[in-house]
Amino acid sequence: MKIKTTLMASTAALLVLSGAAFAASPMAGETLAADQTFTYQDIDESPSIDPGMVEDVSGSAVARNLFEGLMNQDADGNLIPGVATGYDISDDKMTYTFHLRDNAVWSNGDPVTAGDFVYAWRRAADPATASPYAWFVTDITGIKGAGAVGSGEATPDTLGVEAADDHTLVVHLERPVPFFAQTVTHATMFPVHQATVEAHGAEWTRPENIVGNGAYVLTEHVPQERMVMERNANYWNDGATIINKVVRLIINDETQAFTRWQAGELDLVGVPSGQYLALKEQYPAEIYSNPRLCTYYYNFNVRADGPAWAQDVRVRQALNLGFDRSVITEGILQAGQIPAYTFTPPTTAGFTVPVVEAAAMTQEERTAKAKALLEEAGYGADNPISLEVLYNTSEGHKSIAIAISQMWKENLGIEATINNMEWGTFLEARGAGQFEISRAGWCGDYNEASTFLDLYKSGSGYNDAGYNSAEVDALLAEAKTAEDPQPLYTQVETIAAADAPIIPIYFYTSVGARQATLKGWPDNNVENAWYARDLYKVE
Amino acid sequence: MFTYIARRLTVAVPTILILITISFVLMWSAPGSPFMGEKLPPPEVMANLEAKYGLDQPYWKQYVDYLTNVIFHFDFGPSFKFKDRTVNDIIAQGFPVTLTYGFWSFIVAVIFGVGLGVTAAIRHNTWLDYLAVGFAIGSQSIPNYVMAPILVLVFTLWLGWLPGGGWEGGTWDHIIMPVIALSTSYFASIARITRSSMLEVLNSGFIRTAKAKGLPMSRVIVKHALKPALLPVLSYLGPAFVGMVTGSVIIDQYFSTGGIGQFFVNSAFNRDYSTMMGITILVGSLTIIFNLLVDVLYAWIDPKIRY
Amino acid sequence: MYPDKTKMESLTEAVNIAEVKGRSLWSDARTRFMRNKAAVAGLLILTAILLFALFGSLFQAWTHEAIDWKLMGRVAQIGGPSIESGHYFGADELGRDLYARVVQGTGISIMVGVVGSLVAVVVGTLYGATAGFFGGRLDNIMMRTVDVLMSIPFMFVLILMLVIWGRSITMLFVGIGLISWLDMARIVRGQTLTIKNKEFVEAAIAVGVSPFTIILRHIVPNLLGIVVVYATLLIPGLIMAESFISFLGLGVQEPMTSLGALIQAGSKQMLYGAWWQIAFPLFFFLATLFAFTFVGDGLRDALDPKDR
């Protein structure tokens, strides 16, 4: 125990020491460009950039530039100081004490205090705020009393977080959460300026009202068109910031966006689907593909009222084996995606992917096994299975659904139809279990396996397949309090791979095109957490 | 005339009410809720969200509340998707954009369409006639979502003359490409309407008289034939307006203008009920007003028309 | 002094022949139509396209949904039109045969246009004829209703309907047809007002024929001319409306496709070298629209006496 404490303390100390080694750091010999404006594209407008209300990836990116949390992530995803210079963990791992720096100020000059974090976290969990990400605070962080606050049984001031003084934040957890320190890098845990929120209500995020503590301030926002953020001179590390202005353009059509990137109007853009290889040949230095903490998969509907064939594990395995994932990753997507046979991505910190039989076989072997399994289950040419694959309207999903259903047809004689619904209808149908096979994607909220594996829990609201395994539930419960949960995680994956409630298809990569003059992009950060203050442009 | 206007306006009010009701009913029947994302909020939060926006009230109460707000306060309510904007904000920002490039598209389409139509009518049934009509139909038939990327390719990437999108308050270089893409939607119809009505006019008695009197053809057209021939174009303003708002969806998506068409379609998909209603009511009311204006204008120009 | 018998006979014959070969309005119209070169060209093109849509599938080497795995991922380089590979029109971005898909898409698009037009015609004609014939208060109410409905942005309502009740091809037909019956009703009512004052209608009323029989047996056939013209002119508009709906992702479901969906997919690929993916569907789309438009114009010029 004692050794552990020393280790913890020294880790915190190390973090403080390494404090200087982040933010934009040009290499020797690079000349900075005269115009340090970073222009990037998002496909759609975010519903909100209020940290307490942020619910999408692009909104989180904006929040990371306008606000700053206790800790930040460096280019490799490790924790580095943010508003806090470091933190201590108690022996029982249930109390975290964050030490805030004394030179952090809001864009209007007010100092950033621990009280701002207390206010923000209470606000995010408070049912009255109706934050779509309230569950992050109430379910994931494990803060004491968060669950009761979220369900309205207790008032927000009972949340287990307090400001010991203006620069010390103390957090009480109800159980040890190994990844807690990481959760504070998430936008929902950013501080919020109380006076501004109370003065302006829902409109406090408008450029004329907003007050933030990040490296940039919001100067212009035209919904569906553009957003402009400019350097915040009051930011404590402003000296290290190189980019002066960040412009975010909303361009719905990816082909259009790419054309504009080619014309030089944008620095960073997405790559139109299916064009990766061809464009990579054309722009070898600009097109990139980075590992990402997300999985693409299909759900079976294994509920009692689902299709009969889905109740038979042999049929599920057959479908799982009966198509060639490399057609998807190398034929359609072609951007370095990795075929998946289990759910949690290999890039997840600390996680070991279990060795699954299917992964080692050749596709001929897999198809043969699939056919055998189907026959064993009593299906075949005389008794074919017909099923429907449901996905939400998108070119990419459509291509994949077409390819997979065709492969099933040719390899296994399955009569597969595909059906797409627009997003809202799709979510409703999927959530209510009105499907046979449905498409899904899941990105980790933090860099630890439980963010994926919790979906296997029988009561999880995100367990769309309806998977119910007592063994898995028990293992997951044990992992929450275990010293080393990793072997338990691997065990869960092994069981799930055998039960096949889902068909993992591939692990995402983060693909994009950036101008060769843009430097500093965190290619190794699997959560794709980028900060504009770490970027810079060269001649 | 005034009785006519009064009559039309009295019909307008129940029309808008019916419009609101139909939109309401359709939207409530649609599956899905505005608060769904890939990660569904837990039931307590859903309940809170619904309470916050008044969605937990019985339908009739929501309906009455909404009507009161709209009629007495011109308040269309908060947007369910954009948490820091109201529908009024969205409309105030988006509608002028759509109106601007819609207006210019119509002007451009009228100038070219009328020109083409007159030419075709004068040279009726010759190759020039077929060519003109063919060109007009061709440009109207090429879908906007094909034309828009081509325009950007040519003008932004290859020539570098115009920015690839955005609005920035409506500077002229941002208006040009949307106008080109959208005007081709009206172009052919206006040309064909002009052509057929011009043909009719050219065959009428007073034109024959003018020609018999020895007036040159150009004077006959400009001074005598054009005005009556243009009347049907005027009555096309109504459907053209609706077409402008519908067609603006594609323009908005491709040129990132932040106009109203895009908000409407996205709000349908996001189940952003209040925005959908707001825009539907707006478009419906404006259609009614436009149609009335056009009919009044019609009567004012053509003394033979009496209501 | 007596007229030459043979001459008399031949004269009688000549008069008889002239009588038998009387000129009906329809043949007048047909002659006018045939004189209109554009309309005739349009008719020929339309026939060719219809034959293509109906029988083109006999020549296809691939089905419209089978994926050519050899081309997967390299379509822009090797997926172009070629006779040997069986991809006469080339392949789409997934490796499916474009020829088969264009055949199918053309069929679907034309069907949507025609069926939608039929819906508009049937509903609009009956409605307009009834309103026009009965006149008075019924007419007033019915036409005011039409005015009210016309102010509703139907495209928006259609989107809502497709979202609510799901996508099916029937919904598409019905929805698209319902957008256009209003105009038809108005036009038909106007024509009915003219027709109902004619003598043969008066006669029918005097004899005691029931109003609905009059409408169906006397009025509607006389409307046929203008209805046919308008219906033909509607079809291009409906095909374009369907392409817009496909653009929004609400059109026909995979693996079925329509010209609108094909063009939309092709427009995304045209910048990357696969020009065939947009060229062929767009060509058929434009040809179909042109053909219907010219035929419709020709019909209107031919059948509308005022234009002469």
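Just so it is clear, none of the values below were taken in a lab; they were calculated from the coordinates. No experiment lies behind these values; they were computed from the predicted model shown. Note that each Cβ is placed from the backbone with ideal geometry, even for glycine, and that neighbours are counted across all protein chains shown.
General observations
- Between helix B:260-270 and chain B: long-axis angle, C-alpha atoms, 0 to 90°, nearest 10: 40
- The trypsin sites (Lys or Arg not before Pro) of the stretch B:165-246 that meet both conditions, a loop assignment by DSSP and at most 15 other Cβ atoms within 10 Å of the site Cβ, are B:K213.
- Where labels lie 7 Å past Cα in the beta-carbon direction, separation of C:R137 and C:V228 in nm: 3.9
- The stretch B:156-239 - charge dipole about Cα centre, Lys and Arg +1 at Cβ, Asp and Glu -1, debye rounded to 20: 780
- Overall shape of the stretch A:233-361 was characterised from the C-alpha gyration tensor. The equivalent ellipsoid obtained from it has semi-axes of 39, 21, 17 Å, in decreasing order.
- Dipole of chain A, positive direction: furthest Cα of A:V302, A:T196, A:P384, with charges on the beta-carbon: A:P384
- 3J(HN,Hα) couplings calculated from phi for the stretch A:438-443 with the Karplus curve 6.51 cos²θ - 1.76 cosθ + 1.60 (θ = phi - 60°) are, in sequence order, 10, 7, 8, x, 9, 10 Hz; Gly and Pro show x.
- The stretch A:379-431: proportion of alpha-carbon pairs further apart than 13 angstrom, %: 60
- Diffusion coefficient, µm² s⁻¹, Stokes-Einstein with Kirkwood Rh over alpha-carbon pairs of the stretch A:419-518 at 25 °C and 0.890 mPa s: 157
- Calculated diffusion of the stretch C:223-298, Stokes-Einstein form, Kirkwood radius summed over Cα pairs, 20 °C and 1.002 mPa s, µm²/s: 159
- Euclidean distance of C-alpha centroids, the stretch B:238-261 and the stretch A:196-241, integer Å: 31
- Cα convex hull of the stretch B:66-140 - mean projected area over all directions, nm²: 8.0
- 10 Å-binned pair-distance histogram of the stretch C:90-201 (Cα, whole percent): 14, 31, 27, 17, 8, 4, 0
- One decimal place: the segment B:I289-B:N125 gains 55.2 nm when fully extended, by the rule 0.36 nm per residue minus the C-alpha distance.
- Shape parameters for the stretch A:166-296, alpha-carbon atoms, Rg then Dmax in Å: 19.7, 55
- Here the stretch B:176-307 yields Rg over Rh of 1.13, to two decimals, using C-alpha coordinates and the Kirkwood radius.
- Taking N as its residue count, the alpha carbon Rg of chain B over 2.2 N^0.38 Å: 1.22
- Once divided by 2.2 N^0.38 Å, the Cα radius of gyration of the stretch B:123-246 becomes 1.37.
- log10 of Debye I(q)/I(0), alpha-carbon scatterers only, for the stretch A:467-518 at 0.26, 0.32 Å⁻¹: -1.04, -1.17
- Computed over the stretch B:50-180, Kirkwood Rh from alpha-carbon pairs, angstrom: 19.0
- Length-normalised contact order for chain C - Cα pairs under 8 Å, 6+ apart - percent: 26
- Most positive-pole-ward Cα, A:A532, B:I260, C:L58, against dipole of the protein assembly as shown from beta carbon charges: C:L58
- Peptide B:164-171 has a mean of 5 when you count, residue by residue, the C-beta atoms of other protein chains within 10 Å of its C-beta.
- Packing-based ranking, highest mean first, of A:159-170, B:263-274, B:74-85, C:290-301 given that Cβ atoms within 10 Å are counted: B:263-274, C:290-301, B:74-85, A:159-170
- Short-range pairs are left out: with C-alpha atoms under 8 Å and at least six residues apart, the relative contact order of chain B is 25 percent.
- Point-charge dipole on Cβ atoms (K/R +1, D/E -1) for the stretch A:161-241, about Cα centre, debye to 20: 260
- The ellipsoid that matches the Cα gyration tensor of the stretch A:415-462 has semi-axes, each √(5λ) in whole angstrom, of 24, 12, 11, with the longest given first.
- The P(r) of the stretch A:183-242 has a tail past 19 Å containing 41 percent of all C-alpha pairs.
- Evaluated over the stretch C:136-282, the Cα radius of gyration and Dmax, each in Å: 20.9, 72
- Debye intensity ratio I(q)/I(0), log10, the stretch B:238-303, q values 0.13, 0.16, 0.17, 0.25 Å⁻¹ (C-alpha model): -0.44, -0.60, -0.65, -1.04
- Our helix-only sum for chain A, with -39,500 (n - 2.57) per DSSP H run of n ≥ 4 divided by its residues, gives a mean residue ellipticity at 222 nm of -8500 deg cm²/dmol.
- Cα-based Rg / Dmax (Å) for the protein assembly as shown: 33.9, 148
- Amide H partners (placed H, <5 Å) of A:R292, local residues excluded: A:S510
- Across B:K227/C:K198; A:K280/A:K537; A:K398/C:K70, pairs whose alpha-carbon gap is larger than 28 Å: B:K227/C:K198
- Reciprocal of mean inverse Cα separation for chain A (Kirkwood radius, Å): 24.9
- C:L118-A:A368 FRET efficiency (beta carbon distance; Förster radius 51 Å; 0.05 resolution): 0.45
- Calculated on C-alpha atoms, the gyration radius of the stretch B:143-188 divided by its Kirkwood radius gives an Rg/Rh of 0.97.
- Computed magnitude of the charge dipole of the stretch C:156-308 (debye, nearest 20; Cβ of K, R +1, Cβ of D, E -1): 180
- Principal axis dimensions, the stretch A:362-482 - Cα atoms, whole angstrom, descending: 50, 35, 26
- Diffusion of chain C by Stokes-Einstein, at 25 °C in a medium of 0.890 mPa s and with Rh set to the Kirkwood radius over alpha-carbon pairs, works out to 109 µm²/s.
- Per DSSP, loop chymotrypsin sites (Phe, Trp or Tyr not before Pro) in the stretch C:57-137 with at most 16 further Cβ within 10 Å: C:F59
- Couplings for the stretch B:218-228, taken from phi via the Karplus curve 6.51 cos²θ - 1.76 cosθ + 1.60 with θ = phi - 60°, read 4, 5, 4, 5, 5, 8, 10, 7, 4, 4, x Hz in order; Gly and Pro are left as x.
- Take each residue in C:95-106, count the other chain C-beta atoms within 10 Å of its C-beta, and the mean is 1.
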